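**Student:** Would you mind keeping the following structure in view while I ask a few things?
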Amino acid sequence: MAESLIQVILDSTIFVLPLWFGNAIPTLLGGGPPIDGGRYWSDGKRILGDGKTIRGFWTGTIFGGVVGGLIAGLITLLSTVLPVPIYLDDNLILRLFYQDFLESGILFQFFSRINLRGFFSNSILLGFSTGLLMAFGGLIGDLIGSFIKRRSGIERGHPFIFLDQLGFLVLGMIFVYPLIPWDIEWILVQVPITFVVHIAANLFGYFTGIQDEPL
């Protein structure tokens, strides 16, 4: 059971890595015009705030796709020079297990109907598409979280525990589900992992001066 749990953690973490990176990049490469255009909601408060920018959103989305493609390409490359499956130890396998979910996805069925079944046959393209969808969904979740925080009177940069750490994970995985209908156990193990990783990343950003608030 413990060995199988570790494999689930490894498989699901490889899957969500593009989402983590896509969510983090706007902090580093954001800036420019805000998505809400400086507009205010009916309550007299900003819709989203200056921290949510057009450049940050699309940079994070594209970066998530690039990370997904790079991970898929690296594992595919390793599989050409190492024995398959790639064993990290006697029981732990390095793989792109989410590929096994592809054929049961709605998007795969759609592409099959229009005779483009092989569109995702390239693992790098599949990794890029998966990362792009997750990062896009995750950043939509981040925008929703920002909207809720503004309505709650929480200022930009101030934490909203759980919403900040998990909103992007939930939305990112929902957005990618039509392509990769993941197992429920993946999100169950990634909720606590992502919560801890997100807090650790924010603390790192705070102590290195990247961001103003520790959470």
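The values are calculated or read from the model by the stated rules, or taken from the named source; none is laboratory data. Computed from a predicted model, the values in this text were never measured in an experiment. Cβ coordinates were reconstructed from backbone atoms using ideal geometry, including for glycine residues, and neighbour counts include every protein chain displayed.
**Student:** Here is a list of conditions, (1) closer than 21 Å to residue 171 by Cα; (2) in a loop (DSSP other than H, G, I, E, B); (3) not small (Gly, Ala, Ser), and residue 55 meets all of them except one; can you say which number that is?
**Tutor:** (2)
**Student:** Right, another one. Collect the residues in segment 72-102 that are part of a helix (DSSP H, G or I) and either in contact with a helix residue (DSSP H, G or I) (Cβ under 8 Å, 6 or more places away or on another chain) or polar (S, T, N, Q) (or both), keeping them in residue-number order.
**Tutor:** 72, 73, 75, 76, 79, 80, 97, 98, 99, 102
**Student:** Taking the condition surrounded by fewer than 16 Cβ atoms within 10 Å (Cβ to Cβ), in contact (Cβ under 8 Å) with a residue 60 or more places away in the chain and not β-branched (Val, Ile, Thr), does residue 91 pass?
**Tutor:** In short, yes.
**Student:** Oh, and also: If I ask for residues that are in a helix (DSSP H, G or I) and surrounded by fewer than 17 Cβ atoms within 10 Å (Cβ to Cβ), which ones from segment 114-123 would you list?
**Tutor:** Those that are in a helix (DSSP H, G or I) and surrounded by fewer than 17 Cβ atoms within 10 Å (Cβ to Cβ): 117, 118, 119.
Residue by residue, here is whether (1) buried (at least 18 other Cβ atoms within 10 Å of the Cβ); (2) modelled with pLDDT under 90; (3) under 19 Å from the mean Cα position of the chain (by Cα) holds:
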residue	(1), (2), (3)
110	no, no, no
131	yes, no, yes
138	yes, no, yes
145	yes, yes, yes
151	no, yes, no
154	no, yes, no
157	no, yes, no
167	yes, yes, yes
175	yes, no, yes
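**Student:** Within segment 58-88, work out how many residues are surrounded by fewer than 20 Cβ atoms within 10 Å (Cβ to Cβ) and closer than 30 Å to residue 146 by Cβ.
**Tutor:** Number of matching residues: 4.
**Student:** Please verify whether residue 98 is closer than 22 Å to residue 140 by Cβ and crowded, with 20+ Cβ neighbours inside 10 Å, treating the condition exactly as stated.
**Tutor:** It is true that residue 98 is closer than 22 Å to residue 140 by Cβ and crowded, with 20+ Cβ neighbours inside 10 Å.
**Student:** Under 26 Å from residue 204 (Cβ atoms) and of a type in the set (Ser, Thr, Tyr): is that true of residue 53 in this structure?
**Tutor:** Judged against the criteria, residue 53 is a match.
**Student:** While we're on this one: How many residues, within segment 60-73, are over 13 Å from the mean Cα position of the chain (by Cα) and within 17 Å of residue 140 (Cβ to Cβ)?
**Tutor:** 0
**Student:** Does residue 109 fit the bill of being closer than 22 Å to residue 22 by Cβ and either of a type in the set (Ser, Thr, Tyr) or assigned to a helix (DSSP H, G or I) (or both)?
**Tutor:** no
**Student:** Which ones in segment 12-55 are surrounded by 16 or more Cβ atoms within 10 Å (Cβ to Cβ), touching a Pro at 6+ places or on another chain (Cβ under 8 Å) and without any contact (Cβ under 8 Å) to a residue 60 or more places away in the chain?
**Tutor:** 53
**Student:** Now, a different point. Sort out which residues of segment 116-138 are over 16 Å from residue 106 (Cβ atoms) and of a type in the set (Gly, Ala, Ser), and write them in order of number.
**Tutor:** 118, 121, 123, 127, 131, 135, 138
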